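What follows is one structure encoded as C-alpha cells, with my remarks underneath.
The values are calculated or read from the model by the stated rules, or taken from the named source; none is laboratory data. This is a predicted model, so every value here is computed, not measured. For neighbour counting, all protein chains shown are included, and Cβ atoms are generated from backbone atoms with ideal geometry for every residue, glycine included.
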Amino acid sequence: MKIDTQGMSGPIDPNYKGRPLEEQQRELPKAIIQPRRLFTPTYVKELKILINEVLDEREGKNGISYFDTEQFKHCIDDPEPDYDGFH
C-alpha cells in the first residue's frame, strides 16, 4: 500500500536506487555570481565628475562646477539644462 503525501513518497519499486549524487551534480548548471558594489552607478558617475573637477582646479582650470546647482536652476516647465563637458 502506498500513501502519497504531496508527492513526497519514494518510488514504488523497492530496488530503485536513483542516480548517483555525483552524476546529478555534474548536470547542474554553474552558478553565475555578479559582484556587488557599495556605490550605485549614478553615485560613481558623480564621484568621477568631482574627482575630475578637483584635478582641473589643481591644474588652474576653472569653469562651472557640476555641483554648483545654482548655475543649473530652471523652471519646472523647461527642460533640464545640458551638462556638457561633465562625464
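Annotations
- Some residue of the stretch 37-58 being of a type in the set (Asp, Glu) and outside any helix (DSSP H, G or I): no
- Glu23 vs. criteria modelled with pLDDT under 90, surrounded by 10 or more Cβ atoms within 10 Å (Cβ to Cβ), more than 32 Å from the chain's Cα centre (by Cα) and of a type in the set (Asp, Glu): no
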